[in-house]
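Values quoted throughout were computed directly from the atomic coordinates according to the rules given, and no laboratory measurement underlies them. What you see is a predicted model; the values in this text were computed from it and never measured. Neighbour counts run over all protein chains shown; Cβ positions are idealised from the backbone, glycine included.
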């Protein structure tokens, strides 16, 4: 009995020693190889050198979409390119011809998008007095644009020019193209414009009260 126990211990020790060696072995067939060894995908490989380098590493890729194409359900793309740093005027002025393609929108969602992305600077009331400015006492040194008062150029600015600024950035404001998709940026612009439009006064009664009852009888 004692010899049998010793033999078993020796067998276990030898098995463990062999199993822990640094010799790599074929694990055999794997039930779901894609789960065990995932493939890395680089969606947009833009240069031939990068493509060749990725293939050497076993990384698969797909080319960028054909220029001018858009995905299903996406709004028409904004085709005006960003001006160069030396001349930030031509394309910026050209953008005023672009109309807002939205014919309707969720006003609640548009307000939420504005408050989350724009209100911190331009203020929840669109008056340029957001938490980052606080009338000049905040950490942001430059007064953001006041959309409902102050300089009238913001009230008169066409939708396309506002969209250009939101897409590429303007002055101290950076681009919001990565935070908001095309439709969301147009929604924010439409929300701002809806607040800039003065409310129409309720129809009042004609002067003198109107009607035959107000006419003095002779």
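Values as computed for the structure displayed
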{"item": "Cα-only Debye scattering, the range 136-199: base-10 log of I(q)/I(0) at q = 0.16, 0.19, 0.21 Å⁻¹", "result": "-0.58, -0.80, -0.95"}
{"item": "Label zone at residue 93, where the point sits 7 Å out along the Cα-to-Cβ direction: the range 157-177 residues whose backbone N lies under 15 Å", "result": "158, 161"}
{"item": "Cα shape, the range 90-196, gyration tensor, a/c 1.5 rule", "result": "prolate"}
{"item": "For a label point 7 Å along the Cα-to-beta-carbon line of residue 76, residues of the range 94-110 with backbone N under 20 Å", "result": "94-105"}
{"item": "Segment residue 84-residue 66, length gained on full extension (0.36 nm per residue, minus Cα span)", "result": "4.1 nm"}
{"item": "Residues 167, 90, 197, 103, sorted so that the one with the fewest Cβ neighbours within 10 Å comes first", "result": "103, 197, 90, 167"}
{"item": "Residue order, fewest to most surrounding Cβ atoms within 10 angstrom, among 98, 6", "result": "6, 98"}
